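**Student:** Before I ask anything, here is the structure I am working with.
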Amino acid sequence: MRPGAPLSTRRRAAGSQARSNSMSATTTLTTPNAEAGTRALSLGWIIGAREDLVWFIGSVWTSYALYALYVWGLVPLVPMVAAWAILVDAPHVFATFSRTYFDREERRARARLLWWSLLFFAAGPLAVVAGLGFLFFFLAALWAYYHLVKQHYGFMVLYKKKNRDLARADNLLDRAFLLLAFTYPFVRFVAGDEEALRRVPAALHASLATLEDALLAATVLAGVAWAARQAQRAFRRLPLDVPKYLLLAAAVPMHWVVLLTPMPHKPIAIVAMLTIYHNLQYHRLIWFHNRKYRGGTEGRERHGAAEFISRRLLHYVILGVLFGVWYQVPRQYVNHASDPEGFVTQLISGFLWGYALLHYYLDSKIWRVRRDPSVGRALRLE
């Protein structure tokens, strides 16, 4: 801003800069204290308080909504799952492709990763042909749940970075508590639901009860240790990472409620309930990240189709739903086929699982902030 600029112009610029800074800066609510820490509460958000509270934390209400509608018998299973899969879930897979295969710069930088990853489409069919289809679908389902947990962990890490909540003891306790708090209810659900148990290799059935007991004990211990650490931080006036607490308070109880509530056809129904929260978090994060593509002619030249997809929300939505029709209509038909154990049905299902596996794998690679500084810049983590 030039020193001689009009006062009104300078005020507008200052206001704009203040709003921009408020999007990602950590808010301090107490004055610094050299011995006890810098603040009592830390409020560093990924996008901003309102956006984070709506999309990354508050969107958990959609999981509770599907849960209530289904458990109370207000919506039937197949329409609920199909609508969620086509309109919400498949577009979030497309979102991953929007910043990988559709990005000209990413295709050059990650050529080996992207093209070799397409072999996931062959994994299912090859397993079925080899007589290992049952094992393949079991492992794919485990990876699907782990993918949900890993995203919650990823958001927690983003909040930890935003709030400089990176002490070694906190990193260890946060990770242990989160992983155990999500794993125990899942194992208990599998062990206690007959329909789910039929999808587990028989050799593992006998060990599930022991594993469930061990996980419960470990979860209780981790929870007590984690809570004690938060009390210690409060007593010593170390920063309390409020966004991290809100994220855990949203995600953990929801998984316990959904996984531990009896309901008909539970292994199918809970997929939509647990995942819709994950989907909405991901859509918002991708849309925030993909701002980097909106660079006019330069953006089109550097990023190709990714710039068009992210130019307008309407483009993103329409293309995502079209992909949902392409991917999920055949998958839902196969999932509810009259002969789900048939060879051809399993062959097609194994191939269609390739889209999800590709998404899980690429997602584990493309959000590594330490290894890819451009991700940190796009998410304003500097």
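The values are calculated or read from the model by the stated rules, or taken from the named source; none is laboratory data. As the structure is a prediction and not an experimental result, all values here were calculated from the model. Cβ placement follows ideal geometry from the backbone for every residue including glycine, while neighbour counts extend to all protein chains displayed. Please note that ligands, DNA and RNA were not included when accessible areas were found on the heavy atoms of the full protein model with its side chains. Shrake-Rupley method; radii C 1.70, N 1.55, O 1.52, S 1.80 Å.
**Student:** Could you say which residue among GLU212, GLU195 is touching a residue at least 60 places away in the same chain (Cβ under 8 Å) and either among the aliphatic types (A, V, I, L, M) or more than 17 Å from ALA169 (Cα to Cα) (or both)?
**Tutor:** GLU195
**Student:** Return yes or no: is GLN332 within 19 Å of PRO125 (Cα to Cα) and buried (at least 19 other Cβ atoms within 10 Å of the Cβ)? Steps first, please.
**Tutor:** Values: within 19 Å of PRO125 (Cα to Cα): yes; buried (at least 19 other Cβ atoms within 10 Å of the Cβ): no.
Considered against the rule, which asks whether it is within 19 Å of PRO125 (Cα to Cα) and buried (at least 19 other Cβ atoms within 10 Å of the Cβ), GLN332 comes out as no.
Residues are listed down the side, and each one gets a yes or a no for (1) crowded, with 18+ Cβ neighbours inside 10 Å; (2) in a helix (DSSP H, G or I); (3) not aromatic (Phe, Trp, Tyr):
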residue: TRP45; (1), (2), (3): yes, no, no
residue: TRP55; (1), (2), (3): yes, yes, no
residue: SER59; (1), (2), (3): yes, yes, yes
residue: ALA65; (1), (2), (3): no, yes, yes
residue: TYR70; (1), (2), (3): yes, yes, no
residue: PRO79; (1), (2), (3): no, yes, yes
residue: TRP84; (1), (2), (3): yes, yes, no
residue: LEU87; (1), (2), (3): no, yes, yes
residue: HIS92; (1), (2), (3): yes, yes, yes
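**Student:** If ARG380 meets every condition in (1) outside any helix (DSSP H, G or I); (2) over 30 Å from ALA109 (Cα atoms) apart from one, which number is that one?
**Tutor:** All conditions pass for ARG380, except number (2).
**Student:** Just to confirm my filter: which helices (runs of 4 or more DSSP H) fall fully inside segment 218-307 and include at least 1 residues that are at pLDDT 95 or above?
**Tutor:** Working: elements: 242-260, 266-289, 296-303.
So the answer is 242-260, 266-289.
**Student:** Next up: Can you report the number of residues in segment 61-83 which are in contact (Cβ under 8 Å) with a residue 60 or more places away in the chain and more than 21 Å from PRO253 (Cβ to Cβ)? Don't jump to the end; show me each part of the working.
**Tutor:** As a first pass, look at segment 61-83 and keep what is in contact (Cβ under 8 Å) with a residue 60 or more places away in the chain: 62-64, 66-67, 70-71, 77-78, 80-82.
Now restrict to residues that are more than 21 Å from PRO253 (Cβ to Cβ): 77-78, 80-82.
So the count comes out to 5.
**Student:** Let me ask something else. Could you say whether any residue in segment 176-189 is at negative phi and either assigned to a loop (DSSP other than H, G, I, E, B) or free of Cβ contacts under 8 Å to residues at least 24 places away in the same chain (or both)? Lay out the reasoning, then the answer.
**Tutor:** Initial filter on segment 176-189 (at negative phi): 176-189.
Those left that are additionally either assigned to a loop (DSSP other than H, G, I, E, B) or free of Cβ contacts under 8 Å to residues at least 24 places away in the same chain (or both): none.
No, that holds for no residue.
**Student:** Just to verify a result, which residue in segment 159-169, among those that are assigned to a loop (DSSP other than H, G, I, E, B) and touching a strand residue (DSSP E or B) at 6+ places or on another chain (Cβ under 9 Å), is farthest from LEU379 (Cα to Cα)? Step through it out loud before you land on a result.
**Tutor:** Here is the first cut: in segment 159-169, the ones assigned to a loop (DSSP other than H, G, I, E, B) are 163-167.
Within this subset, residues satisfying the condition of being touching a strand residue (DSSP E or B) at 6+ places or on another chain (Cβ under 9 Å) are 163-165.
Values: ASN163: 14, ARG164: 15, ASP165: 17 Å.
So the residue we want is ASP165.
**Student:** For ALA269, work out the one condition from (1) free of Cβ contacts under 8 Å to residues at least 40 places away in the same chain; (2) closer than 19 Å to ALA191 by Cβ it doesn't fulfil.
**Tutor:** Just one mismatch for ALA269, condition (1).
**Student:** Quick one: how many residues across segment 208-218 are under 12 Å from VAL190 (Cα atoms) and open to solvent by 50 Å² or more (accessible area, probe 1.4 Å)? Before the answer, list the steps.
**Tutor:** Taking segment 208-218 first, the residues under 12 Å from VAL190 (Cα atoms) are 208-209, 211-212.
Subsequent filtering for residues that are open to solvent by 50 Å² or more (accessible area, probe 1.4 Å) retains 209, 211.
Total meeting the criteria: 2.
**Student:** Can I ask one more? I'd like to verify a number: residues in segment 222-237 that are under 17 Å from ALA40 (Cα atoms), out of contact with any helix residue (DSSP H, G or I) (no Cβ under 6 Å at 6 or more places or on another chain), open to solvent by 30 Å² or more (accessible area, probe 1.4 Å) and not small (Gly, Ala, Ser), how many?
**Tutor:** Within segment 222-237, the subset under 17 Å from ALA40 (Cα atoms) is 227-237.
Subsequent filtering for residues that are out of contact with any helix residue (DSSP H, G or I) (no Cβ under 6 Å at 6 or more places or on another chain) retains 227-228, 230-237.
Filter once more, so that each one left must be open to solvent by 30 Å² or more (accessible area, probe 1.4 Å): 227-228, 231-232, 234-237.
Among the residues that remain, those that are also not small (Gly, Ala, Ser) are: 232, 235-237.
Within segment 222-237, residues that are under 17 Å from ALA40 (Cα atoms), out of contact with any helix residue (DSSP H, G or I) (no Cβ under 6 Å at 6 or more places or on another chain), open to solvent by 30 Å² or more (accessible area, probe 1.4 Å) and not small (Gly, Ala, Ser) number 4.
**Student:** On to the next question. Can you find, within segment 28-42, the residue that is modelled with the lowest pLDDT among those that are within 16 Å of LYS162 (Cα to Cα), touching a Leu at 6+ places or on another chain (Cβ under 7 Å) and surrounded by 13 or more Cβ atoms within 10 Å (Cβ to Cβ)? Spell out how you get there, then give the answer.
**Tutor:** Pass one, segment 28-42, residues within 16 Å of LYS162 (Cα to Cα): 28-29, 38-42.
From the residues that got through so far, the ones that are touching a Leu at 6+ places or on another chain (Cβ under 7 Å) too are 29, 39-42.
Within this subset, residues satisfying the condition of being surrounded by 13 or more Cβ atoms within 10 Å (Cβ to Cβ) are 39-42.
On the way: ARG39: 59, ALA40: 87, LEU41: 93, SER42: 95.
Filtering segment 28-42 for residues that are within 16 Å of LYS162 (Cα to Cα), touching a Leu at 6+ places or on another chain (Cβ under 7 Å) and surrounded by 13 or more Cβ atoms within 10 Å (Cβ to Cβ), the one modelled with the lowest pLDDT comes out as ARG39.
**Student:** Considering segment 190-203 alone, what residues qualify as being part of a helix (DSSP H, G or I) and open to solvent by less than 70 Å² (accessible area, probe 1.4 Å)?
**Tutor:** VAL190, ALA191, GLY192, GLU195, ALA196, LEU197
**Student:** Show me the helices (runs of 4 or more DSSP H) found entirely inside segment 99-158 where at least 3 residues are surrounded by 15 or more Cβ atoms within 10 Å (Cβ to Cβ) and of a type in the set (Gly, Ala, Ser).
**Tutor:** Hits in segment 99-158: 120-129.
**Student:** Look at segment 335-382 and say how many of its residues are open to solvent by 20 Å² or more (accessible area, probe 1.4 Å) and either of a type in the set (A, V, I, L, M) or at pLDDT below 85 (or both).
**Tutor:** 20
**Student:** Return only the number of the condition from (1) more than 25 Å from SER42 (Cβ to Cβ); (2) modelled with pLDDT under 95; (3) open to solvent by less than 60 Å² (accessible area, probe 1.4 Å) that PRO185 does not satisfy.
**Tutor:** PRO185 satisfies every listed condition except (2).
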